[in-house]
Amino acid sequence: MNVSVVIATADRPTALEGTLRSLSACEPPTPGTSTIHVIVADNGIDPGTRRVSETDYTALRIEYLHVDRRGKTVAQNRAVEATDADFLVFTDDDVEFDPRWLAELTRAAREWPENLLFGGRVLPIWPKGRPKHLADSSYLGLLFTRLDRGDEERPIPDFRPLGPNMAVRREAFDRGVRFDETIGPGSGGLPMGDELDITFQLEALGQTAVYVPRSRVYHRVRESQLSLRCQWKRGVDYGRMTGHFDRDADVHRMLGVPRWVLRAIPIRCAEAGWNFLLGRRERAFDASMQVAFAVGRARGSRQSGTRSPPKGTSETERHS
């Protein structure tokens, strides 16, 4: 199997260097191979990215690709066009890998030959330990790119791989699948939802993603991501994303916004305040995140796209 690992990056050479070092310790993707082909798709301006990409890492054969136009999805599409690999594995520039990460994905691809989309676990690495208010929060997956669907490998109808650990067969791209260049980090538009959009396109082709639990990556949580301001913003962006994809004509709306969203904002604000006064920090935090989600959903609904979420995607779906 011909495999390429794609890393889209912009102006984070230090993070990228750690990711490449971790990747160089991974087992090769298929038996009989000794190197891992990596495409670093750089659409930033920091010259350090090229320098890091040209470093000699054990077992890595790195192809540096500069993409002038900003946007993670733009860089990913250019990388797809730049390789003839029949199995493309996408990851981010701020992760570390289980040594079996890539080998498990390619093994699963051989064992599930009819499936086009694969993904595995994504687990956080905390800079100073998990904050107390997040101990039992249902928003861990949303805020810190966490995904864990258990130990059984299988196709799951509502499973949606995340960007740090997602693989797609070339056949999908040959059939017209592409990353939406109007959304995603650096696009200037909706900053999230690019991976979700890929799953929608593949579901339209009758595809179900295969969950590969033994394929694990570890996402480095930056200290700035632990601030309440950053977490609120991500909650709003998540709400915008669900609104962007929502075209459900059966929902009652006011000024283009589902009425349940307008009702939820004052109710959840009151719930957050009450739990905060009672010292229930975890409950107060989750209620405040529901406010952020509703605010974002209201914004996104008024600027919604043309594709509805497929069955199995709820308004409060968590990757946890």
Margin query: Consider region 197-226. How many of its residues are free of Cβ contacts under 8 Å to residues at least 60 places away in the same chain and in a helix (DSSP H, G or I)?
Written below: 3
Notebook entry, point to check: Does Ala85 satisfy the condition of being more than 23 Å from Gly186 (Cβ to Cβ), free of Cβ contacts under 8 Å to residues at least 40 places away in the same chain, of a type in the set (A, V, I, L, M, F, W, C) and surrounded by fewer than 22 Cβ atoms within 10 Å (Cβ to Cβ)?
Noted result: no
Margin query: Show the residue pairs meeting these rules: Cβ distance below 8 Å; 6+ apart or different chains; first residue within region 137-163 and assigned to a strand (DSSP E or B); second residue charged (D, E, K, R) and surrounded by 15 or more Cβ atoms within 10 Å (Cβ to Cβ).
Written below: Leu147/Arg121
Notebook entry, point to check: Hey, any hits in region 155-167 for a residue that's basic (Lys, Arg), crowded, with 17+ Cβ neighbours inside 10 Å, over 20 Å from Thr9 (Cβ atoms) and in contact with a strand residue (DSSP E or B) (Cβ under 6 Å, 6 or more places away or on another chain)?
Noted result: no
Check: Can you name the number of the only condition in (1) more than 27 Å from Gly300 (Cα to Cα); (2) of a type outside the set (Gly, Ala, Ser); (3) in a loop (DSSP other than H, G, I, E, B) that Met192 fails?
Finding: (1)
Item checked: Selected residue (criterion: modelled with the lowest pLDDT) from residues of region 212-244 that are among the aromatic types (Phe, Trp, Tyr) and surrounded by fewer than 23 Cβ atoms within 10 Å (Cβ to Cβ) -> Trp232
Item checked: Test set (1) of a type in the set (A, V, I, L, M, F, W, C); (2) touching a His at 6+ places or on another chain (Cβ under 9 Å); (3) part of a loop (DSSP other than H, G, I, E, B) - Phe179 fails condition number -> (2)
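Condition check ((1) touching a His at 6+ places or on another chain (Cβ under 6 Å); (2) assigned to a helix (DSSP H, G or I); (3) under 15 Å from Val168 (Cβ atoms)) across all residues:
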site: Met1; (1), (2), (3): no, no, yes
site: Leu16; (1), (2), (3): no, yes, no
site: Pro31; (1), (2), (3): no, no, no
site: Val38; (1), (2), (3): no, no, no
site: Leu65; (1), (2), (3): no, no, no
site: Thr106; (1), (2), (3): no, yes, yes
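The values are calculated or read from the model by the stated rules, or taken from the named source; none is laboratory data. What you see is a predicted model; the values in this text were computed from it and never measured. Ideal geometry is used to build each Cβ from the backbone, glycine not excepted, and the neighbour counts take in all protein chains shown.
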